[in-house]
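Asker: Structure in structure tokens, see below.
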């Protein structure tokens with residue numbers, strides 16, 4: 001009480017007197033707030049600098065069978081998963097990101113018509129209805145991350161055209177389905193076969209034979225991943241949402257999502273390598289370390305490319321988010337996820353000093369080599385100010401996330417160490 | 001008590017003043033008229049039939065706003081043939097060369113039939129509104 005000066009007391013009194021002028025004050029505040037309100041929403045685009053946000057900047061939208069997600073495009077549909085869903089090791093079906101290539105995507109699937117056809121260089125071409133598939137082949141389940149090849153494209157410098165994803169074009173699910181190898185065995189792959197090609201129900205208005213007409217993806221038959229592929233009819237114990245590939249989609253554990261063909265209708269065994277656009281021109285990465293190159297090398301035309309394949313090791317800080325303010329001295333738990341296309345994440349390390357020193361985080365439950373693995377790191381900020389947290393993961397093959405950026409013209413393979421700035425405030 | 005002492009009145013007044021001053025530090029009841037960022041809830045889907053058709057009805061689609069200028073209708077019209085014109089708005093600002101490569105890709109790689117002079121109009125529009133120097137929207 002003694003600390004209250006007479007002058008402050010008078011100011012307080014006069015503030016009461018001026019309250020008769022409250023109405024115009026409120027109007028002025030409203031005008032200021034209207035401007036402020038506009039500034040509180042994300043800008044409609046980012047660039048030419050890197051996207052400064054964790055997610056892409058599109059509006060939040062609602063789609064059938066989906067929770068509110070971030071819109072990239074509405075036709076064909078591309079939706080990004082918001083950050084907070086990655087606190088759990090399995091991404092809910094309703095929150096799972098969506099990426100289609102051609103506008104003719106299924107909104108109705110008539111199972112009376114739908115068939116899976118196995119054709120091409122096989123002894124016995126086959127056709128299955130969904131009940132026939134379920135009856136003929138045993139089912140198995142695998143936890144696996146599906147990540148878009150272009151996930152995090154908006155962080156590349158210089159920026160490249162394409163879907164401007166933030167970090168949310170990924171998700172982890174428990175996929176249940178029949179093994180691809182069992183289906184191939186039933187049809188009998190003939191000698192001289194080299195690849196297996198997948199096609200789904202999606203189609204575009206372009207001329208036949210071009211990428212704008214059909215989306216086709218192939219895997220080498222000698223690729224060991226063939227043994228691990230599933231044809232999934234369930235994700236997280238439920239039928240797939242239509243936007244995620246109902247009634248059946250290919251699951252290629254450890255591989256980027258481009259091979260996980262949705263609403264699958266055709267499996268073709270090829271005796272020549274697939275030369276369609278989606279294999280020969282799109283989804284290719286420089287044949288270099290980390291698939292990185294430079295705009296100059298691309299311009300000079302001397303970048304040899306190969307089809308994209310396994311996902312590099314990545315880890316993310318999910319909480320705290322940057323808009324949180326943490327009181328100094330308050331113990332808290334940093335949380336996130338990690339995964340790798342090359343096998344189990346064996347170590348996650350956290351740095352609270354912008355990557356100068358690292359300490360091991362506690363790993364969450366192990367759901368298998370291709371799953372998200374959650375991590376936790378108890379941390380107490382000992383002083384106020386801006387702190388830069390960082391996280392890096394190591395997988396069982398010894399791959400450690402690097403701190404150098406990636407650049408290639410497709411905007412693929414981003415896996416640089418993630419950082420998160422947070423504000424620590426005075427505690428008293 | 002019908003009469004309060006002047007000391008008690010002064011003490012009450014000081015306490016109230018202290019509360020006012022305190023509230024300037026820890027604020028309460030601070031509401032401002034502002035855009036809520038509201039997203040209306042979708043209604044439950046209509047009752048499902050028990051046949052073999054699995055349907056989610058039609059996908060929502062919207063027509064994004066494009067800056068006015070020569071060539072706008074050409075851009076939105078031709079692009080719209082295969083995909084939402086929002087594909088353009090989603091991109092970061094791109095150089096004229098990058099936009100030229102995109103137009104060429106749509107014609108040569110994806111088979112979109114755009115007359116040569118229209119391609120030039122489309123490129124000029126993209127250059128006028130969607131490069132690092134020109135992009136505002």
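Asker: If the requirement is being at pLDDT 95 or above and crowded, with 20+ Cβ neighbours inside 10 Å, which of these qualifies: A:129, A:154, A:119, A:139?
Answerer: Only one candidate qualifies: A:154.
Asker: Still on this model: In contact with a strand residue (DSSP E or B) (Cβ under 8 Å, 6 or more places away or on another chain), in contact (Cβ under 8 Å) with a residue 12 or more places away in the chain and either more than 24 Å from residue B:131 (Cα to Cα) or in the same structural domain as residue A:240 (by TED's automatic domain parsing) (or both): does that describe residue A:65?
Answerer: Working: in contact with a strand residue (DSSP E or B) (Cβ under 8 Å, 6 or more places away or on another chain): no; in contact (Cβ under 8 Å) with a residue 12 or more places away in the chain: yes; either more than 24 Å from residue B:131 (Cα to Cα) or in the same structural domain as residue A:240 (by TED's automatic domain parsing) (or both): yes.
The answer is no for residue A:65.
Asker: Quickly run through segment A:108-161 and pick out the residues that are in contact (Cβ under 8 Å) with a residue 60 or more places away in the chain, within 14 Å of chain B (Cβ to nearest Cβ), farther than 25 Å from residue B:98 by Cβ and assigned to a loop (DSSP other than H, G, I, E, B).
Answerer: Hits for segment A:108-161 are A:111, A:114, A:115.
Asker: Would you be able to tell me the number of residues in segment A:259-276 that are farther than 24 Å from residue A:97 by Cβ and assigned to a strand (DSSP E or B)? Even if it seems obvious, please write down each step before you answer.
Answerer: Residues of segment A:259-276 farther than 24 Å from residue A:97 by Cβ: A:266-276.
With the extra rule that they be assigned to a strand (DSSP E or B), the set shrinks to A:266-270.
Counting residues in segment A:259-276 that are farther than 24 Å from residue A:97 by Cβ and assigned to a strand (DSSP E or B) gives 5.
Asker: So, of the residues in segment A:205-235 that are in contact with a strand residue (DSSP E or B) (Cβ under 8 Å, 6 or more places away or on another chain), surrounded by 19 or more Cβ atoms within 10 Å (Cβ to Cβ) and assigned to a loop (DSSP other than H, G, I, E, B), which turns out to be nearest to the other protein chains (Cβ to nearest Cβ)?
Answerer: Here the residue is A:213.
Asker: Limited to segment A:46-64, what total is found for residues that are within 7 Å of chain B (Cβ to nearest Cβ), surrounded by fewer than 20 Cβ atoms within 10 Å (Cβ to Cβ) and over 17 Å from the mean Cα position of the chain (by Cα)?
Answerer: Number of matching residues: 4.
Asker: Further question: Please pick out the residue among B:96, B:46 that is over 25 Å from the mean Cα position of the chain (by Cα), more than 11 Å from chain A (Cβ to nearest Cβ) and free of Cβ contacts under 8 Å to residues at least 40 places away in the same chain.
Answerer: Numbers: B:96 fails: over 25 Å from the mean Cα position of the chain (by Cα).
Selected residue: B:46, the only one of B:96, B:46 that is over 25 Å from the mean Cα position of the chain (by Cα), more than 11 Å from chain A (Cβ to nearest Cβ) and free of Cβ contacts under 8 Å to residues at least 40 places away in the same chain.
Asker: Quickly run through segment A:184-204 and pick out the residues that are within 14 Å of chain B (Cβ to nearest Cβ) and under 15 Å from residue A:265 (Cβ atoms).
Answerer: Within segment A:184-204, A:201, A:202, A:203 meet the criteria.
Asker: Follow-up. Taking residue A:303 as the residue in question, decide whether it is more than 30 Å from residue A:132 (Cβ to Cβ) and either touching a strand residue (DSSP E or B) at 6+ places or on another chain (Cβ under 6 Å) or part of a loop (DSSP other than H, G, I, E, B) (or both).
Answerer: yes
Asker: Test residue A:297 against the stated conditions and say whether it is over 19 Å from the mean Cα position of the chain (by Cα), outside the structural domain of residue A:108 (by TED's automatic domain parsing), surrounded by fewer than 23 Cβ atoms within 10 Å (Cβ to Cβ) and at pLDDT 95 or above. Talk me through it step by step, then tell me what you get.
Answerer: Working: over 19 Å from the mean Cα position of the chain (by Cα): yes; outside the structural domain of residue A:108 (by TED's automatic domain parsing): yes; surrounded by fewer than 23 Cβ atoms within 10 Å (Cβ to Cβ): yes; at pLDDT 95 or above: yes.
In short, yes.
Asker: Another one. Go through the residues of segment A:389-398 one by one and say whether even a single one is in a loop (DSSP other than H, G, I, E, B) and buried (at least 16 other Cβ atoms within 10 Å of the Cβ).
Answerer: No, there is no match, as no residue in segment A:389-398 is in a loop (DSSP other than H, G, I, E, B) and buried (at least 16 other Cβ atoms within 10 Å of the Cβ).
Asker: Which of the numbered conditions does residue A:283 fail, given that it passes all the others? Conditions: (1) out of contact with any helix residue (DSSP H, G or I) (no Cβ under 6 Å at 6 or more places or on another chain); (2) within 14 Å of chain B (Cβ to nearest Cβ); (3) under 26 Å from residue A:223 (Cα atoms).
Answerer: Failing condition for residue A:283: (1).
Asker: Of the residues that sit in segment A:102-116 and are out of contact with any strand residue (DSSP E or B) (no Cβ under 6 Å at 6 or more places or on another chain) and over 30 Å from residue B:87 (Cβ atoms), which one is surrounded by the most Cβ atoms within 10 Å (Cβ to Cβ)?
Answerer: Ranking the qualifying residues of segment A:102-116, first place goes to A:111.
Asker: Look through A:183, A:196 and report the one residue that is under 21 Å from residue A:173 (Cβ atoms) and either more than 25 Å from the chain's Cα centre (by Cα) or surrounded by fewer than 20 Cβ atoms within 10 Å (Cβ to Cβ) (or both).
Answerer: A:183
Asker: Name the residue, out of B:94, B:126, that is assigned to a helix (DSSP H, G or I) and modelled with pLDDT of 95 or more.
Answerer: B:126
The values are calculated or read from the model by the stated rules, or taken from the named source; none is laboratory data. Everything quoted here is computed from the prediction, not taken from an experiment. Cβ sites come from the backbone with ideal geometry, for glycine too, and all protein chains shown count toward neighbours.
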